[in-house]
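J.: Input: one structure, supplied below.
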Amino acid sequence: MTFEHFAIGVGITLLLLMIPAMLRIVNGPTALDRIVAVNVIGTKTAVLLVVIGVVFKQVGMFVDFALAYALLNFTGSIAAARYLHRAAQRGGDAPSGEEAD
């Protein structure tokens, strides 16, 4: 078994591990659960980009893409969390059935 075959196996495993997070996005009881699930999928996607770089022997380019994607994923998660926090502070209707404190 070559290293490329191992990398393909890792990639398939990462894709299969995204399924529970996708189910959490669909069935998540709160918006926070959905945000965390999207963040998990984004993190796995960044790792998957590096694995794809290993398979195609273009690691440097794909690492750059993975870093940019991870930064966007992190920024989006922070923005969504701040939005939910401010919505809860306003005391109005919190999104996705969350109770305001």
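J.: Of the residues T30, T43, which is among the polar types (S, T, N, Q) and either touching a Cys at 6+ places or on another chain (Cβ under 8 Å) or closer than 24 Å to R86 by Cβ (or both)?
T.: None of the others qualify; the one that does is T30.
J.: A follow-up question, please. Counting just the residues of segment 79-101 that are aliphatic (A, V, I, L, M) and exposed (fewer than 12 other Cβ atoms within 10 Å of the Cβ), which one comes out modelled with the lowest pLDDT?
T.: A100
J.: Looking at (1) more than 30 Å from A88 (Cα to Cα); (2) surrounded by 15 or more Cβ atoms within 10 Å (Cβ to Cβ); (3) of a type in the set (V, I, T), which one does V40 not meet, given that it meets all the others?
T.: (1)
J.: Residue pairs, Cβ under 6 Å, 6 or more apart or interchain, first in segment 50-64 and part of a helix (DSSP H, G or I), second among the acidic types (D, E). List them.
T.: Within 6 Å, the pairs are V55/E4.
J.: I would also like to ask the following. Restricting attention to segment 1-34, which residues are of a type in the set (A, V, I, L, M), closer than 19 Å to V59 by Cα and without any contact (Cβ under 8 Å) to a residue 24 or more places away in the chain?
T.: I12
The values are calculated or read from the model by the stated rules, or taken from the named source; none is laboratory data. This structure is a prediction, so every number in the text was calculated from the model and none was measured. Virtual Cβ from ideal backbone geometry, glycine too; neighbours counted across all protein chains shown.
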